[in-house]
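S.K.: Structure below; questions to follow.
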Amino acid sequence: LAVSLFLFDSDIRRVVRDAGSLLMAFIVGAVSTVIGTIATFSVIPLRKLGEDGWKVACALNSRHIGGAINFVAVADTLNIDGSVVSAAIAADNVVVALYFALLFYLAKAGENGDATIPSSSKEETLNLPSLGDDVVVANGETPNPITTSSIAYSIASASCLVTIGDMLTRAICPSLSSMVMTSILTVFAATMYPTWFRKLHSTGSAIGILFLQMFFAASGASGSLLLVLRRAPSLVAFSMMQITIHFAFLLGIGRGIFRLDKNELYLASNANVGGPTTAAAMAQAKDWNRLTLPALLVGVFGYATATALSLSLGPILKRIAA
């Protein structure tokens, strides 16, 4: 349910229309993450994790393109052990916190004059709570309040999508987790019926946060603290190298080939590694007012695409591990 609830605002047409050049920067960042994951796994194959090694690499790839919800989807699909999930999240959080500090240090404050953002994106509002934070891009439009009706509609809509996704998965590919088909269905529904799902997005995100935190709590409860501490060093090294390669290729491709603005690349990287809320918060903190809404939109685009992309990376990582 959490996967579906988080994707209620995944209107792909809106992302393409309003994200401007930041969307290209985000795509470059996503490709850089994939390159970083393959290169890092070749050097640090996480053999101490056994069969879970390549699976964790896939999950971290999804987190560094979309966010924690994609990590959950990939971890559940690949049946990663609970203690490994806890260790990976803990290790990655340390590296991500340091990386955010680097991005904030490098980024220059003040409105970005080189950004190519459609004018329509400056007049819209998007409310996206994620892991306890609220980010609102205001233009006089108030976000939809959370009511008993919106809660009921959100859960009912997500439940329908999950049920249909499960039925289609059993019919098409029984060995695959239904989360993949559910994600595809939700993105399709949010794109075809954006008005309905946008009204429910604030409520859906709030409920999704609760379910996501319950997942991490359950994973932590089933894990071993000793195993987490034992596995954390290799996971920290993996995450650090993965993000370092991501950053190097992001600047190399983004600046060298596409001539994208540095601040846009830093913001896109924040959306890749942290998700829409942290990216929007960075845009607001740096006074990049025109980039706040696009940052949210490309982050949501990451939610919509990271799971399938990371799962498709699995066979490559399995061959490397072998």
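S.K.: Identify the single condition in (1) open to solvent by less than 10 Å² (accessible area, probe 1.4 Å); (2) outside any loop (DSSP other than H, G, I, E, B) that residue 65 does not satisfy, given that it satisfies every other one.
M.R.: Of everything listed in (1) open to solvent by less than 10 Å² (accessible area, probe 1.4 Å); (2) outside any loop (DSSP other than H, G, I, E, B), residue 65 misses just condition (2).
S.K.: Please find, within the stretch 12-27, the residue that is nearest to residue 307 (Cα to Cα) out of those that are open to solvent by less than 10 Å² (accessible area, probe 1.4 Å) and hydrophobic (A, V, I, L, M, F, W, C).
M.R.: So the first thing to find is which residues in the stretch 12-27 are open to solvent by less than 10 Å² (accessible area, probe 1.4 Å), and the list is 14-15, 18-19, 22, 25-26.
Going one step further and asking which of them are hydrophobic (A, V, I, L, M, F, W, C), we end up with 15, 19, 22, 25-26.
Values: 15: 18, 19: 21, 22: 21, 25: 19, 26: 16 Å.
Per the criteria, the residue is 26.
S.K.: Quick one: in the stretch 270-311, which of the residues that are touching a Phe, Trp or Tyr at 6+ places or on another chain (Cβ under 9 Å) and farther than 23 Å from residue 183 by Cα is most open to solvent (accessible area, probe 1.4 Å)?
M.R.: 285
S.K.: Step by step: first the residues of the stretch 31-50, then only those that are of a type in the set (A, V, I, L, M) and in a helix (DSSP H, G or I), then the one that is modelled with the lowest pLDDT. Which residue is that?
M.R.: Initial filter on the stretch 31-50 (of a type in the set (A, V, I, L, M)): 31, 34-35, 38-39, 43-44, 46, 49.
If we keep only those that are in a helix (DSSP H, G or I) as well, we get 31, 34-35, 38-39, 43, 49.
Working: 31: 97, 34: 98, 35: 98, 38: 97, 39: 97, 43: 96, 49: 89.
Within the stretch 31-50, the match that is modelled with the lowest pLDDT is 49.
S.K.: With aliphatic (A, V, I, L, M) and at pLDDT 95 or above as the only criterion, which of 28, 72, 3, 15 stands out? Working first, answer last.
M.R.: Details: 72 fails: at pLDDT 95 or above; 3 fails: at pLDDT 95 or above; 15 fails: at pLDDT 95 or above.
Answer to the selection: 28.
S.K.: Determine whether residue 152 is without any contact (Cβ under 8 Å) to a residue 24 or more places away in the chain and open to solvent by 20 Å² or more (accessible area, probe 1.4 Å).
M.R.: Working: without any contact (Cβ under 8 Å) to a residue 24 or more places away in the chain: yes; open to solvent by 20 Å² or more (accessible area, probe 1.4 Å): yes.
Criteria met by residue 152.
S.K.: Looking at (1) within 26 Å of residue 39 (Cβ to Cβ); (2) not in a helix (DSSP H, G or I), which is the one condition that is false for residue 268?
M.R.: Failed condition: (2).
S.K.: Name, by its number, the condition in (1) more than 15 Å from residue 234 (Cα to Cα); (2) at pLDDT 90 or above; (3) among the small types (Gly, Ala, Ser) that does not hold for residue 53.
M.R.: (1)
S.K.: Among the residues of the stretch 219-242, are any modelled with pLDDT of 85 or more, closer than 30 Å to residue 40 by Cβ and of a type in the set (Phe, Trp, Tyr)? Before you say what the answer is, go through the steps one by one.
M.R.: Our first condition is that a residue be modelled with pLDDT of 85 or more; within the stretch 219-242, this holds for 233-242.
Filter again for closer than 30 Å to residue 40 by Cβ, leaving 233-242.
In the following step, the residues that additionally are of a type in the set (Phe, Trp, Tyr) were identified as 238.
So far as the stretch 219-242 goes, yes, one or more of its residues are modelled with pLDDT of 85 or more, closer than 30 Å to residue 40 by Cβ and of a type in the set (Phe, Trp, Tyr).
S.K.: Kindly check whether there is at least one residue in the stretch 255-269 that is at pLDDT 90 or above, farther than 27 Å from residue 21 by Cα, touching a Lys or Arg at 6+ places or on another chain (Cβ under 8 Å) and open to solvent by less than 60 Å² (accessible area, probe 1.4 Å).
M.R.: no
S.K.: OK, next. Whether any residue in the stretch 275-282 is outside any helix (DSSP H, G or I), under 29 Å from residue 184 (Cα atoms) and touching a Ser or Thr at 6+ places or on another chain (Cβ under 7 Å) is what I want to check.
M.R.: Filtering the stretch 275-282 down to residues outside any helix (DSSP H, G or I) leaves 275.
Then drop every residue that is not under 29 Å from residue 184 (Cα atoms), which leaves 275.
From what is left, the residues that are touching a Ser or Thr at 6+ places or on another chain (Cβ under 7 Å) are 275.
Checking the stretch 275-282: at least one residue is outside any helix (DSSP H, G or I), under 29 Å from residue 184 (Cα atoms) and touching a Ser or Thr at 6+ places or on another chain (Cβ under 7 Å).
S.K.: How about the stretch 48-68: which of its residues are more than 18 Å from residue 94 (Cα to Cα) and touching a residue at least 40 places away in the same chain (Cβ under 8 Å)?
M.R.: Step one: of the stretch 48-68, the residues more than 18 Å from residue 94 (Cα to Cα) are 48-55, 58.
Within the stretch 48-68, 48, 49, 53, 54, 55, 58 qualify.
The values are calculated or read from the model by the stated rules, or taken from the named source; none is laboratory data. What you are looking at is a predicted structure, and each value in this text was computed from that prediction instead of being measured. As a convention, Cβ positions derive from the backbone with ideal geometry for all residues, glycine included, and neighbour counts pool all protein chains shown. Accessible surface is based on the protein model in full, side chains and every heavy atom, while ligands, DNA and RNA are left aside. Shrake-Rupley method; radii C 1.70, N 1.55, O 1.52, S 1.80 Å.
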